[in-house]
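This report refers to the structure that appears directly beneath it.
Values in this text are rule-based calculations from the coordinates and carry no lab data. For clarity, every value in this text was computed on a predicted model and none was experimentally measured. Because the Cβ atoms are built from the backbone with ideal geometry, glycine has one as well, and the counts that use them run over all protein chains shown.
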Ligand SMILES: [Zn+2]
């Protein structure tokens, strides 16, 4: 497998440092609001990376943080008169629920920043002892001039910077590169912790360094995030971590590109700011959202549109209908060798595309090309029973990564056993020539979003 590494600016062959286990750290959400689809592009990318690493034979040791203390959270919690915990618990749960709805695999460990304050203080203490910091008005700052490679990840030359200029906010632009706060002095009305480096709260950047090293060791195989995190967050993580351990912090830095909505940057003022809940409220399914976010390779900017969501639905329907046809239609005996070869070639093409820095667009093209050929062969009677296994293999490869073939059950939905029971009752009614009752059952199922199809091979059903 090859991955683009932001630090070396190269696509490089990836394998873990030790054995078959990939030590991976991904920056998680700051739980100050519902996560939006731009955030979820990055989280879907983590999921694809996880799934493809596992499909490639690796085990994962994946840590993701939940930032539950930072400038924005404190501002919002104070404004609403809530405790930090009360405020962040609700959004943390909403985030985990959204991830489950989108079928994102849960990292092996989810670490909350506020559960690691003492460890952060200990790390800051160590940096102080080793001369990487200075104090000002009760805050502790990292002196970036003490870390010569500062700028190596974002490929900026910061050597001409004024030493000693400071920045107190967690997020800032390249032009504002300054010594950044590791520990912030308490302000009236803000939450604060008593620790070995004093009373106050940690800066945002130190939390990821500390939790990554605590759970995964000095050197990670992969550190991932959105491109917006390259500077200053990941640059600062490198400065802190490598100053603490003297070792390379991450062997691969992998970043997913931006998401635009209708060609514009997403913003509340433009009215193009969507959470998952907004999209589900408009009738789009989790699978359509997942498919759209996964279908554009993570290194490319993604332009999010409602048309794109409609196309995602069409693509998923095509695959589901194909799978249904595969499992219910009657085929002649034997094997169509040419189609058999195409199925195997498609599996190879799918894997090669995913190995090539997760090129999901190419991987999908391989699947759809085969599905088109196989559908044509079914129409002309050239698809044979011997072709079923390899066809299923290809669909399985596809779905272990994309995971959209199974329909989500709507909250008020009907279960598969209930559907089967009603279909059996309808068959009995038809046998007894009670067509009124048979039609009532069909309508009842339709109301619950289940479409019946009477084919020459029997009754098939699918969700609307
Ligand atoms: Zn982080």
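What length, rounded to one decimal in nm, is gained on full extension from residue 424 through to residue 267, with 0.36 nm per residue of separation minus their alpha-carbon distance?
Length gained between residue 424 and residue 267: 51.4 nm.
Give the residues of region 43-67 whose amide nitrogen is closer than 19 Å to a point set 7 Å from the Cα of residue 93 in the direction of its Cβ.
66-67
What nm value, rounded to one decimal, do you get for the distance between residue 245 and residue 447 when each label is placed 7 Å out toward the C-beta?
Those two pseudo-labels are separated by 6.0 nm.
Starting from the 7 Å offset along Cα-to-Cβ, what nm value, one decimal, do you get for the label separation of residue 76 and residue 108?
With each label placed 7 Å out from Cα toward Cβ, I get 3.1 nm.
Give the percent of DSSP beta bridges with both residues in the chain that are antiparallel, rounded to the nearest 5. Before the final figure, lay out each step's value.
Values: 25 of 52 bridges.
If we restrict to bridges inside the chain, about 50 percent are antiparallel.
Under 13 Å from the 7 Å Cα→Cβ point of residue 333, by amide nitrogen: which residues of region 370-410?
Residues 385-386 fall inside that zone.
Do me a favour and compute the ellipsoid semi-axes for the chain from its Cα gyration tensor, root of five times each eigenvalue, largest one first, whole Å.
On the way: eigenvalues 495, 139, 61 Å².
So the equivalent ellipsoid measures 50, 26, 17 Å along its semi-axes.
Would you order 335, 314, 88 from fewest to most other beta-carbon atoms within 10 Å of each residue's own beta-carbon?
Fewest-to-most ranking of 335, 314, 88: 314, 335, 88.
For region 215-339, count the residues as N, evaluate 2.2 N^0.38 Å, and divide the Cα radius of gyration by that value, please.
Working: Rg = 21.6 Å, N = 125, 2.2 N^0.38 = 13.8 Å.
Rounded to two decimals, the normalised Rg is 1.57.
Between residue 176 and residue 440, how many nm apart are label points set 7 Å from Cα along the C-beta direction?
My value for the distance between the label points is 6.8 nm.
Counting each DSSP H run of 4 or more residues in the chain as -39500 (n - 2.57), what helix-only mean residue ellipticity at 222 nm follows after dividing by all residues, to the nearest 500 deg cm²/dmol? Walk me through the numbers before you get to the answer.
Values: 14 runs with 205 residues, N = 464.
Helix-only estimate at 222 nm: -14500 deg cm²/dmol.
Give me 461, 183 ranked fewest to most by other Cβ atoms within 10 Å of their Cβ, as a rough exposure proxy.
Numbers: 461 15, 183 27.
Going from sparsest to densest Cβ surroundings: 461, 183.
How many Å³ per residue does the convex hull of the Cα positions in region 305-464 occupy?
Values: hull volume 22.1 nm³, N = 160.
Taking only Cα atoms, region 305-464 has a hull volume of 138 Å³ per residue.
Provide, for q = 0.12, 0.15, 0.18, 0.21 Å⁻¹, the log10 of I(q)/I(0) from a solvent-free Debye sum over equal Cα point scatterers in region 272-386.
These q points yield log10 I(q)/I(0) values of -0.54, -0.78, -0.98, -1.15.
Which value in Å is the Kirkwood Rh of region 310-351 over different Cα pairs?
Taking every pair of different Cα atoms in region 310-351, averaging 1/r and inverting gives 12.3 Å.
Give me the distance between the Cα centres of region 334-405 and region 94-139, rounded to whole Å.
Cα centroid of region 334-405 versus Cα centroid of region 94-139: 43 Å apart.
What Rg and what Dmax come out for region 324-400 when only alpha-carbon atoms are used, in angstroms?
Using the Cα atoms of region 324-400, the pair Rg, Dmax is 12.5, 40 Å.
When 128, 242 are ordered from fewest to most other Cβ atoms inside 10 Å of their Cβ, what list results? Present the calculation step by step, with values, prior to reporting the outcome.
Working: 128 17, 242 20.
Listed from fewest to most nearby Cβ atoms, that is 128, 242.
Kindly work out what percent of the DSSP beta bridges joining two residues of region 57-172 are antiparallel, to the nearest 5. Present the calculation step by step, with values, prior to reporting the outcome.
Details: 4 of 8 bridges.
The antiparallel proportion sits near 50 percent.
Specify, per residue and in Å³, the volume enclosed by the convex hull of the alpha carbon atoms belonging to region 9-71. Don't skip to the end; give the middle numbers.
Details: hull volume 8.0 nm³, N = 63.
That works out to 127 Å³ per residue.
Helix 306-328 against the longest principal axis of the chain: what's the angle in degrees, Cα atoms only, rounded to the nearest 10?
Here the helix axis deviates by roughly 50 degrees.
In whole Å, what is the distance between the alpha-carbon centres of region 217-239 and region 61-76?
15
Enter the angle in degrees (range 0 to 90, nearest 10) between the Cα long axis of helix 204-216 and the first principal axis of the Cα atoms of the chain, meaning the one along which they spread out most.
70
Could you compute the FRET efficiency for residue 159 and residue 194, with r as their C-beta to C-beta distance and R0 at 30 Å, rounded to 0.05?
On the way: r = 38 Å, r/R0 = 1.27.
Given R0 = 30 Å and the Cβ-Cβ separation, E is 0.20.
Between helix 388-402 and the chain, what is the angle of the helix's C-alpha long axis to the longest principal axis, kept within 0 to 90° and rounded to the nearest 10?
30
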